[in-house]
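Engineer: One structure, pasted below without further comment.
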Amino acid sequence: MKYNRSDFPSDFLFGVASSGGQDFELVQRTGFDCCSFQIDWTRVLPDGRGAVNEAGLDVYDRLADTMLAGGIRPCATLHNGELPAVLMDMGGWRNRDVAGWFADFTDLVMSRIGDRIFSVAPISLPSHAVGAHSGKSPAPGQQDTRTATRTMHHMMLAHGNAINAMRGLGMTNLGAEIGNPINDNRPLWDCIFKKAYPDTLLKRLEPHLPVGWQDDLGIIGAALDWCALGYTVQDQVKPADLECVQQDYTRDLPVYVFDNRTANSLHLQHDDWTRDVDLHLTAVHDALEKGVPITGYFARAVPDIDKAGPHNFAPMLKTVLAGGSVSLPLAQPVGAMHAHWNLVADIGGTNTRLGVVTDGKVTDLRKFPTGTLPELLEAFQILRDEIGTNPRAVVAAGAGPVKDGTISLTNAKLDLSEADIGKATGAQHTFVVNDFTAAAWSVAEITGDDVEVLQGAPTPPQGTRLVVGPGTGLGVGALVFSEGRYHTASGEGGHVGLAPRREDEVEIFRAARHIAPECFFDDTLVLEAEMFLSGTGLPILYKATGIAAGHPNTPMRSAKDILQDARMQTDPIAEKAAHMFTTHLGAVMGDLAVALMPTGGVFLVGGVAEKNRWLFKDTFREAFNAGGRFTGLRRSMNLYVSEQDEFGIVGANNFCKSALER
């Protein structure tokens, strides 16, 4: 061969690409610095997501250890050109969801072996990307433009998602392997390095790109540590190509050259193979002399590299690669890898609490003013920037309805979307949930130490659970237990009907009609439950109680003051209002429990319950159990007061864990 190691910079890497059965001892003896291998998505996740094949993960675990033991740097590509059959049946790369599932696959694999990997490229982006199909890359022209365009876009989105996922683990030395830009790959290069499609192609491609494609470009253009040019048997490295790539795209970024010939093209004679490598290295050498920062060359291993006979290249390669050693590390820097973190939020009308979650537990809690939408998103971004990496997932809970990934926060008077959160934090997964979805999830992992038992089992049993909270409104959530796991159903318990339970309450309901007529059901004495049974409603109940008792000038007082006077027995009107609050709340909770049959227990949550335990004793329990023919059933139910602090944050975290598992 024309060149040897001494003709290149001291830390120039010579690598070989493994086809799966490589003899790594031979690779080591030959003198290669690196070995590139591809990871089979199906081997790790047979269905592309969900159940993990631990034996498949073990293969790559052992592979990394074997390479490192031989002093070979493991260089991984996370996609071997094949998609799991289940994902292909779902549309393959035409399906945008595959780009997200690829990030989950990346996270799974690199959480296991990432600390022992030198470098990673998510996907070897095909030489003819516009011709890429769902799983493999057929010849150009074999599919329609729409399919090809979306496939290309979603593969690049998957690449960006994977880079962000690995950054979230603290990984470095991440790059992209792309075909020569001269060969119809301008869209790939422009999107990854310029975050834009080439103007010359956009007019043709735009009608076929997915909705919201512009928002994906920031992810696709995630910062890289290196770039590799992949060449096939039809291509030959030319110094002009390498200078073009540097000038138009990579600038000072380290560049590798990959010989990506397919297995069918490797039946070469010794002289043919040597000639091709010499031509590649000549172009690399010339480009280095002109200042292009090329840092390595990877040869595609020929089938007979590990066989004895006239075509055994090992002795020749050993001579070429002798005479020096590379000072670069074998794998990721020690201590660089860390567990993912998640961000959970409980958004109120005035303040927002943001929780940092590591290893499934809330390890830090911050408080920010909610403010406007930009101010709220800035709070998310401040915390993200302080930690220094993107969270894997963000869950934001607040009062209000959720539709199409957006929550209308009634207290804060703003709309918050999952897309907004994603832009502010760079998270792979974002969720917005109703506050009582979070409240329901807060009891998913609850124990006997976390509750006050009003009746029933000392430790909440597994099963469907009902949560009720008289806060600003009367919130209701249900954690339905089915198929071995929990699912959430949340609602607006404050809008169920509330009617007089005793004759002496009739006048109080009539007085309330004059105070809040819009909250009554037609011309009846039935009103929305939260008009009496919430922190906002208790002042209305107090005023109506006073009017019914002959005090027309009874003022509107705060719930806190009313309950304090009732407890101290210094205000008869407050005592009456507190008694009605307790008995009606207990009765409503009992009614809801009969409808849902929560074998896992009924839970009272929130500030009113926490700060006014004296309300929830015998009278409350008796009202809960008073069910006529269903009294016996009610008495058999488990009834608790939750003692968990920050139940909104706890619930958002439990929701997050469940969502990520799915």
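Engineer: Return the calculated 222 nm mean residue ellipticity for the chain, to the nearest 500 deg cm²/dmol, obtained by summing -39500 (n - 2.57) across DSSP H runs with n ≥ 4 and dividing by the residue count. Write down the numbers at each step before the final one.
Structural biologist: Details: 23 runs with 251 residues, N = 662.
Helix contribution divided over all residues of the chain: -11500 deg cm²/dmol.
Engineer: When the Cα centres of region 600-662 and region 547-598 are compared, how far apart do they sit, in Å?
Structural biologist: After rounding, the separation between the Cα centres reads 18 Å.
Engineer: Further, regarding this structure: Please work out the C-alpha center-to-center distance from region 163-197 to region 325-391 and express it in whole Å.
Structural biologist: The distance from the Cα centre of region 163-197 to that of region 325-391 comes to 25 Å.
Engineer: Kirkwood hydrodynamic radius of region 53-105 from all distinct Cα pairs, in Å? Before the final figure, lay out each step's value.
Structural biologist: Numbers: mean 1/r = 0.0764 Å⁻¹.
Taking every pair of different Cα atoms in region 53-105, averaging 1/r and inverting gives 13.1 Å.
Engineer: In the chain, what percent of the accessible surface is made up of carbon and sulfur (1.4 Å probe, ligands and nucleic acids excluded)?
Structural biologist: Whole-percent figure for carbon plus sulfur exposure: 50.
Engineer: Right, here's the next one. Which order, highest average first, do 447-453, 241-247 follow once you tally other Cβ atoms within 10 Å for each residue and take the mean per peptide?
Structural biologist: Details: 447-453: 14.0, 241-247: 18.6.
Result, highest mean first: 241-247, 447-453.
Engineer: Also, I was wondering about something else. What figure in square angstrom, to the nearest 10, would you give for the accessible area of R186 with a 1.4 Å probe?
Structural biologist: The value for R186 is about 80 Å².
Engineer: Test of the criteria: in region 309-415, which chymotrypsin sites (Phe, Trp or Tyr not before Pro) are in a DSSP loop and have at most 12 other Cβ atoms within 10 angstrom of their Cβ? Please report the intermediate quantities before stating the final value.
Structural biologist: Numbers: sites: F313, W341, F380; in loops: F313.
Listed in order of number, the matching sites amount to none.
Engineer: Note the per residue figure in Å³ for the convex hull of the C-alpha positions in region 1-123. Spell out each step's value before the answer.
Structural biologist: Values: hull volume 15.6 nm³, N = 123.
So the per-residue Cα hull volume is 127 Å³.
Engineer: Now, a different point. With θ set to phi - 60°, apply the Karplus curve 6.51 cos²θ - 1.76 cosθ + 1.60 along region 210-225 and write out the HN-Hα couplings as whole Hz, x wherever there is a Gly or Pro.
Structural biologist: Once θ is set to phi - 60°, the couplings for region 210-225 become x, 4, x, 4, 4, 5, 7, 5, x, 6, 4, x, 3, 4, 10, 9 Hz.
Engineer: Taking a cut-off of 40 Å, what percent of all Cα-Cα pairs in the chain are separated by more than that?
Structural biologist: For the chain, the share of Cα pairs beyond 40 Å comes to 44 percent.
Engineer: Give me the Å³ per residue figure for the convex hull around the C-alpha atoms of region 1-57. Write down the numbers at each step before the final one.
Structural biologist: On the way: hull volume 7.1 nm³, N = 57.
Looking at region 1-57, the number lands at 124 Å³ per residue.
Engineer: Report Rg (one decimal) and Dmax (nearest whole number) for region 414-527, counting Cα atoms only, units Å.
Structural biologist: Expressed in Å, the Cα Rg and Dmax of region 414-527 come to 19.4, 59.
Engineer: Okay, next question. Rounded to the nearest 10 degrees, what's the angle between the helix 572-596 long axis and the longest principal axis of the chain, both from Cα atoms, 0 to 90?
Structural biologist: The two axes meet at around 50 degrees.
Engineer: Highest first, please rank the peptides 635-643, 284-292, 557-565 by the mean number of other Cβ atoms sitting within 10 Å of their residues. Numbers along the way, then the final one.
Structural biologist: Details: 635-643: 20.0, 284-292: 16.1, 557-565: 18.4.
In decreasing order of mean packing, 635-643, 284-292, 557-565 become 635-643, 557-565, 284-292.
Engineer: Further question: Probe of 1.4 angstrom, ligands and nucleic acids ignored: what's the accessible area per residue over the chain, in square angstrom? Please report the intermediate quantities before stating the final value.
Structural biologist: On the way: 27720 Å² over 662 residues.
Counting only protein heavy atoms, the per-residue value for the chain is 42 Å².
Engineer: Could you size up the charge dipole of the chain around its Cα centre, putting +1 on the beta carbon of Lys and Arg and -1 on that of Asp and Glu, and report it in debye to the nearest 20? Don't jump to the answer; show the numbers that get you there.
Structural biologist: Working: 57 positive and 79 negative charges, 104 e Å.
So the magnitude is around 500 debye.
Engineer: What percent of all Cα-Cα pairs in region 380-436 falls into each 10 Å bin, going from 0 up to the bin containing the maximum distance?
Structural biologist: Spelled out per bin, shortest first, that is 26, 50, 23, 1.
Engineer: What's log10 of I(q)/I(0) for region 80-125 at q = 0.22, 0.24 Å⁻¹, Debye sum over Cα points only, no solvent?
Structural biologist: -0.85, -0.95
Engineer: How far, in nm, would the chain grow between A322 and N53 when pulled straight, counting 0.36 nm per residue and subtracting the alpha carbon separation? Don't jump to the answer; show the numbers that get you there.
Structural biologist: Working: separation 269, 0.36 × 269 = 96.84 nm, distance 4.03 nm.
Once the chain is fully extended between A322 and N53, it gains 92.8 nm.
Engineer: Follow-up question, since we're still on this one. If you stretched the chain out fully between D65 and V334, how much longer would it get, using 0.36 nm times the residue separation minus the C-alpha to C-alpha distance?
Structural biologist: On the way: separation 269, 0.36 × 269 = 96.84 nm, distance 1.53 nm.
Extending this stretch completely gives an extra 95.3 nm.
Engineer: Taking Rh as the Kirkwood radius, which is the inverse of the mean 1/r over Cα pairs, what is the Rg/Rh value for region 469-580? Show your work: numbers first, answer last.
Structural biologist: Details: Rg = 16.0 Å, Rh = 14.9 Å.
Reported Rg/Rh, Kirkwood definition of Rh: 1.07.
Engineer: Something else: For region 31-76, what does the alpha-carbon gyration tensor say about shape, rounded, prolate or oblate, given a ≥ b ≥ c as the root eigenvalues, a/c under 1.5 as rounded, and a/b over b/c as prolate?
Structural biologist: Working: a/c = 4.94, a/b = 2.37, b/c = 2.08.
The shape class here is prolate.
Engineer: Using just the alpha carbons, could you tell me how many Å³ per residue the convex hull of region 527-647 encloses?
Structural biologist: 116
The values are calculated or read from the model by the stated rules, or taken from the named source; none is laboratory data. Fair warning: this is a prediction, and the values are worked out from it, not measured in the lab. When we count neighbours, we look across all protein chains shown, and the Cβ atoms used for this are built from the backbone with ideal geometry, even at glycine. For the accessible areas, the whole protein counts, side chains as well, though only heavy atoms, and no ligand, DNA or RNA atoms are used. Shrake-Rupley method; radii C 1.70, N 1.55, O 1.52, S 1.80 Å.
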